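S.K.: Would you mind keeping the following structure in view while I ask a few things?
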Amino acid sequence: MALLKVTGLEKKFNAEKILADVNFSINSGDTLVILGKSGAGKTTLLRSLNLLEKPDKGSLLFDERKINYDSLDKADIGFIRSRLAMVFQNYALFNNKTAIENIMEPLIYGKKIARKTAYEVAQTLLQQMELKGKANLYPAELSGGQQQRIGIARAEALAPKIILFDEPTSSLDPALVGTITADILELQKKKQTMIIVTHHLEFAEKVATKCIFLAKGKVIESNSANYFFNEPQTAELKEFLKNN
Ligand SMILES: Nc1ncnc2c1ncn2[C@@H]1O[C@H](COP(=O)(O)OP(=O)(O)OP(=O)(O)O)[C@@H](O)[C@H]1O
């Protein structure tokens, strides 16, 4: 059974339908990569999934619960938000908090976990990421790669069913693309389910287990990564792969 199944998701901005009829599903352990031309609606889809944008229509089967977007209630919103964590484009760390406080904050204020437990969870993650010695430094005192790892640890600490990544490689120098790739492959080994929006084809090929291609507000191609990259079916995807 799919961990997440999206059916007929629609999102308008003003009168313009950005997502017209989005359908896809993912299984537990998948790394789904969302591709599409600039303006295709990739970020809007990611933001719709975690309800930073409210979809206008459609439904969701998530962790065995059926949710209709046009009748979302507080319990549905809590259900979705407690199962998703987002890693933002520039990692969005709190600059006035130390590395460990950045990881603890959502646990204490979002999940209402006791400070002592949050500290222990954060310490364990810092150790796994080989950042234990950096716990008390502020983001400005960390390298780009270290900031990136703190952003990922902050999401991972919440033990979400799915981690969403919005353009994790954008504005990174090539060496840091290597570290984020390694971090994502490490999460994959731990069977963490992930959904990633990216422009970066080479990175997508390294991390994806499944891909969808968005165009004209719809998923026009969806396949396991191997088929998606090696045997594209639609003219749109063939052209996209050739030109990127
Ligand atoms: N808050 C908003 N209000 C109005 N229009 C918006 C809003 N957010 C996005 N859009 C429009 O939705 C469309 C899709 O934007 P989105 O950022 O989802 O595309 P994208 O595929 O992620 O693009 P890119 O690859 O360039 O980041 C664009 O035409 C954009 O102008």
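S.K.: Collect the residues in segment 1-13 that are closer than 20 Å to M86 by Cα, of a type outside the set (A, V, I, L, M) and within 16 Å of the ligand (Cβ to nearest atom), keeping them in residue-number order.
M.R.: Within segment 1-13, K11 is the sole residue that qualifies.
S.K.: Mind checking whether some residue in segment 190-199 is within 16 Å of the ligand (Cβ to nearest atom), surrounded by fewer than 20 Cβ atoms within 10 Å (Cβ to Cβ) and not polar (S, T, N, Q)?
M.R.: Looking only at segment 190-199, we keep the residues that are within 16 Å of the ligand (Cβ to nearest atom), and these are 195-199.
Those still in the list that are surrounded by fewer than 20 Cβ atoms within 10 Å (Cβ to Cβ) too: 199.
In the following step, the residues that additionally are not polar (S, T, N, Q) were identified as 199.
Yes, segment 190-199 contains a residue that is within 16 Å of the ligand (Cβ to nearest atom), surrounded by fewer than 20 Cβ atoms within 10 Å (Cβ to Cβ) and not polar (S, T, N, Q).
S.K.: Here is a follow-up. Hey, can you tell me all the residues within segment 14-50 that are more than 8 Å from the ligand (Cβ to nearest atom), polar (S, T, N, Q) and without any contact (Cβ under 8 Å) to a residue 12 or more places away in the chain?
M.R.: none
S.K.: What do you reckon, is L137 surrounded by fewer than 21 Cβ atoms within 10 Å (Cβ to Cβ), modelled with pLDDT of 95 or more and not in a helix (DSSP H, G or I)?
M.R.: yes
S.K.: When only residues in segment 61-71 that are open to solvent by less than 70 Å² (accessible area, probe 1.4 Å) and in contact (Cβ under 8 Å) with a residue 12 or more places away in the chain count, which is nearest to R47 (Cα to Cα)?
M.R.: Once the filter is applied, the top-ranked residue is Y69.
S.K.: Just checking, which of A118, A92 is more than 16 Å from the ligand (Cβ to nearest atom), open to solvent by 20 Å² or more (accessible area, probe 1.4 Å) and without any contact (Cβ under 8 Å) to a residue 60 or more places away in the chain? Full working, then the answer.
M.R.: Values: A118 fails: open to solvent by 20 Å² or more (accessible area, probe 1.4 Å).
From the options A118, A92, the qualifying one is A92.
S.K.: Same structure, new question: Hey, can you tell me all the residues within segment 1-20 that are of a type in the set (D, E) and modelled with pLDDT under 95?
M.R.: If we filter segment 1-20 for residues that are of a type in the set (D, E), which is where we start, we get 10, 16.
Correct list: E16 only.
S.K.: Which one of these is over 21 Å from G29 (Cβ atoms) and in contact with a helix residue (DSSP H, G or I) (Cβ under 7 Å, 6 or more places away or on another chain): T179, T198? Walk me through it before giving the result.
M.R.: Working: T198 fails: over 21 Å from G29 (Cβ atoms).
Only one candidate qualifies: T179.
S.K.: Specify the residue that is most open to solvent (accessible area, probe 1.4 Å); the eligible residues are those in segment 9-60 that are assigned to a strand (DSSP E or B) and acidic (D, E). Spell out the reasoning first.
M.R.: Filtering segment 9-60 for residues assigned to a strand (DSSP E or B) gives 9-13, 16-26, 31-36, 57-60.
Filter once more, keeping what is acidic (D, E): 10, 16, 21.
Working: E10: 17, E16: 119, D21: 65 Å².
Among those residues, the one meeting the criterion is E16.
S.K.: Could you check F79 against (1) in contact with a strand residue (DSSP E or B) (Cβ under 7 Å, 6 or more places away or on another chain); (2) open to solvent by 60 Å² or more (accessible area, probe 1.4 Å); (3) away from the ligand (no atom under 16 Å from the Cβ) and say which number it fails?
M.R.: (2)
S.K.: Right, next: What is the residue count in segment 190-213 for residues that are hydrophobic (A, V, I, L, M, F, W, C) and in a strand (DSSP E or B)? Spell out how you get there, then give the answer.
M.R.: We begin by selecting, within segment 190-213, every residue hydrophobic (A, V, I, L, M, F, W, C); these are 194-197, 201, 203-204, 207-208, 211-213.
Now restrict to residues that are in a strand (DSSP E or B): 194-197, 211-213.
The total comes to 7.
S.K.: I would also like to ask the following. Can you tell me which condition P232 does not meet? The list is (1) in contact with a His (Cβ under 9 Å, 6 or more places away or on another chain); (2) part of a loop (DSSP other than H, G, I, E, B), and all the others hold.
M.R.: That leaves (1) as the condition not met.
S.K.: Can you find a residue in segment 214-221 that is of a type in the set (G, A, S), within 16 Å of the ligand (Cβ to nearest atom) and in a helix (DSSP H, G or I)? Can you show your working first?
M.R.: Filtering segment 214-221 for residues of a type in the set (G, A, S) gives 215, 217.
From the residues that got through so far, the ones that are within 16 Å of the ligand (Cβ to nearest atom) too are 215, 217.
Those still in the list that are in a helix (DSSP H, G or I) too: none.
Taking every residue of segment 214-221 in turn, none turns out to be of a type in the set (G, A, S), within 16 Å of the ligand (Cβ to nearest atom) and in a helix (DSSP H, G or I).
S.K.: Just one of A235, A208 is within 18 Å of K37 (Cβ to Cβ), open to solvent by 10 Å² or more (accessible area, probe 1.4 Å), more than 16 Å from the ligand (Cβ to nearest atom) and in contact with a Ser or Thr (Cβ under 6 Å, 6 or more places away or on another chain); which is it?
M.R.: Details: A235 fails: in contact with a Ser or Thr (Cβ under 6 Å, 6 or more places away or on another chain).
One residue alone meets the criteria, A208.
S.K.: Of all the residues that make up segment 162-189, how many are in a helix (DSSP H, G or I) and open to solvent by 10 Å² or more (accessible area, probe 1.4 Å)?
M.R.: Applying the first criterion (in a helix (DSSP H, G or I)) to segment 162-189 yields 174-189.
Narrowing further to those that are open to solvent by 10 Å² or more (accessible area, probe 1.4 Å): 174-179, 181-183, 185-186, 188-189.
Matching residues across segment 162-189 total 13.
The values are calculated or read from the model by the stated rules, or taken from the named source; none is laboratory data. In this text, all values refer to a predicted model and were calculated from it rather than measured experimentally. In this analysis, Cβ positions are derived from the backbone assuming ideal geometry, glycine residues included, and neighbour counts consider all displayed protein chains. Ligands, DNA and RNA are stripped out before the accessible areas are found, and what is left, the full protein with its side chains, is counted by its heavy atoms. Shrake-Rupley method; radii C 1.70, N 1.55, O 1.52, S 1.80 Å.
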